[in-house]
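See structure below.
Taken together, the values in this text are just the output of simple stated rules run on the coordinates, not laboratory data. Model, not experiment: these values are computed from the prediction. Note: ideal-geometry Cβ built from the backbone for every residue, glycine included; neighbour counts use all protein chains shown.
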Amino acid sequence: MIGRFIAGKFRDPTGVFGRMAGAMMARGNKTEQEWTIALLDIRPDDHILEIGFGPGVAISLAAEKAVRGHVSGIDASETMRRVAGRRNAAAIRSGLVDLRHAEVSSLPYPDAAFDKAFAVHCIYFWPRPVEALQEVRRVLKPGGSLAVTIMPKDKWPPQRLPPSDLYTLYSGLEVARLLTTAGYEKVRVEGCPYPDQFPGQCVLGSR
Ligand SMILES: C[S@@+](CC[C@H](N)C(=O)[O-])C[C@H]1O[C@@H](n2cnc3c(N)ncnc32)[C@H](O)[C@@H]1O
């Protein structure tokens, strides 16, 4: 089992070790971030929300696509907000990107603000996932879509399994059931087409 301290820094990346975890996420999670962005089929005018942006790599990828729209992000870690802020400084200055320190359970946005939302490796940390998914649904426009990308619980190498009180691991089908319970429609599970790089799944649904 991966050590508690290290596992905890991916859940709550604060301080110097949080910044180190952020650097590992930036290097190690590119495949799933690019794949999730591709699945969302972001249009130039789209308004996008990322939940749990970590070091902000996927925020940059989304901003390359939503060039006439807007990209917002929230993360529960102020350390990650600063790291992602530095990575996306030019886009923040131009007004294309806005990053905030916030919890998925209480999103600082009005109803129906976004065309698309996504979360990569983040749902494991949500204490009340159905309520959180309902909160994300609230800020989606009618017909807007959500993508939740996970490493399914049966794909974690046994030596890297995180402590179960810090992470709740799911199968894609379990996440699909959570989305359906939270009121999403057209829920489907996609397997990553590059399993050698990321043997994960993305669960998509619409408001
Ligand atoms: C494992 S990291 C993944 C970061 C990034 N999405 C990636 O794939 O590299 C999880 C991120 O979610 C954030 N997070 C954890 N619980 C959260 C919550 N309840 N609300 C918002 N963000 C949360 C953490 O601060 C962390 O930056």
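Observations, loosely collected:
- Whole-Hz Karplus values for the stretch 189-194 come out as 10, 10, x, 5, x, 10 Hz, taken residue by residue from phi with 6.51 cos²θ - 1.76 cosθ + 1.60 and θ = phi - 60°; glycine and proline positions read x.
- Chain lengthening between Phe17 and Arg188 when straightened (0.36 nm per residue, less Cα-Cα): 58.0 nm
- Least to most buried among Leu166, Leu61 (fewest other Cβ within 10 Å first): Leu166, Leu61
- Estimated dipole of the stretch 109-185 in Debye, rounded to 20 [Cβ of Lys and Arg +1, of Asp and Glu -1, Cα centre]: 140 debye
- A dipole drawn for the stretch 4-206 from +1 and -1 charges on Cβ atoms has a positive end, and of Pro129, Gly205, Ala176 the residue lying farthest that way is Pro129.
- If R0 equals 25 Å, the separation of the Cβ atoms of His101 and Gln134 corresponds to a calculated FRET efficiency of about 0.70.
- Between the listed residues Val187, Pro152, Val97, the Cα displaced farthest toward the positive end of the dipole of the chain, a dipole computed from Cβ unit charges relative to the Cα centre, is found at Val97.
- Where both bridge residues fall in the chain, DSSP classifies roughly 35% of the beta bridges as antiparallel.
- Counting neighbouring beta carbons within 10 Å and listing from fewest to most, the residues Glu174, Glu78 come out as Glu78, Glu174.
- Between Ala38 and Arg160, full extension at 0.36 nm per residue minus the direct alpha carbon distance yields a gain of 41.2 nm.
- Placing unit charges on the Cβ atoms only, positive for Lys and Arg and negative for Asp and Glu, gives the stretch 4-206 a dipole magnitude near 440 debye about its Cα centre.
- Relative exposure of Tyr167, Tyr109, judged by other C-beta atoms within 10 Å (fewest first): Tyr109, Tyr167
- For the chain, adding -39500 (n - 2.57) for each run of n ≥ 4 DSSP H residues and dividing by the number of residues yields -11000 deg cm²/dmol at 222 nm.
- For the stretch 36-52, putting each phi into the Karplus relation 6.51 cos²θ - 1.76 cosθ + 1.60 with θ = phi - 60° gives couplings of 4, 4, 5, 5, 6, 6, 5, 9, x, 8, 5, 9, 10, 10, 10, 9, x Hz, in residue order, rounded to whole numbers and with x for Gly and Pro.
- With Cα atoms as the point set, the chain shows a radius of gyration and Dmax of 15.7, 45 Å.
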